[in-house]
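So the structure is just underneath, and the comments pick up after that.
Read the figures in this text as sums done on the coordinates, not as results from a lab. The structure displayed is predicted, hence computed values, not measured ones. Backbone-built Cβ (ideal geometry, glycine too); neighbour counts: all protein chains shown.
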Amino acid sequence: MYLWRRLTVEQRQRLLRDRQANRLPWHGPPHYASDSGAYLVTATCYEHRAWIGQTASRMGEFESGLLTTCASEDAPVCAWTVLPNHYHLLLRTADINALLRKLGQLHGRKSFEWNAEDGQRGRKVWHRAAETGIKSERHFWATLMYVHNNAVRHKYVQRWQDWPYSSASKWLTEVGHERATEIWKRFPIDDYGKDWDPPDL
């Protein structure tokens, strides 16, 4: 099983460089708009098993497929993170139900591919995808902070920019650490996401 924690420092740095060199869909630093139709979309693997994270290549391919799916539905992604057993997307869309259907189709295709690769035909891979409408400016920025902090929260890395499957590095580069720190202090995440995951994750 692919586990970031088992990689050497050199392997992590090489992977991070490779990931940062890839041009993933990105719409520049996001801004809050009250009528933006913004949502947090979260999906988890069944029983929180790390099916996404079996290999580094699987993680990268899934991240790319996820962002391509959103782009095909005209759903700009403001922030994202993909972890071995779940993902979060902060995005805007005029039709959340259509987007969720497309993500469901992506889940189905990946389940078929991964089960074939792992010799596990019929295995249930995904639990579900759920959306939360963004209700205010504070909610928007706290959500963006939560998404970017997720790999740190789950103890994969100590700094946002060290997780390769996230928009955090791009966002920090574009807004700068001073502005990021200002937003972090102004819109703290506090207990955002508490009790969403089992205690062992």
*What is the ratio of the Cα radius of gyration of region 13-186 to 2.2 N^0.38 Å, where N is its residue count, to two decimals?*
1.01
*asked:* Quick check: pseudo-label points 7 Å beyond the Cα along Cα→Cβ at TYR192 and ASP95, how many nm apart are they?
replied: 2.9
*Report the full-extension gain for the segment ILE183 to ASP74: residue separation times 0.36 nm, less the Cα-Cα distance, to one decimal in nm.*
36.6 nm
*Give the long-range amide H neighbours of HIS127: residues separated by 5 or more places, or on another chain, with amide H under 5 Å away, using H modelled in the peptide plane at 1.01 Å from N.*
THR44, CYS45, TYR46
*In the calculated pair distance distribution of region 90-201, what percentage of Cα-Cα distances lie above 17 Å?*
67
*Packing-based order for 107-116, 177-186, using average beta carbon neighbours within 10 Å, highest first*: 107-116, 177-186
*Label zone at PHE112, where the point sits 7 Å out along the Cα-to-Cβ direction: region 62-93 residues whose backbone N lies under 11 Å*: none
*Quick one: Cα centre-to-centre distance for region 40-56 and region 72-113, in angstrom?*
13
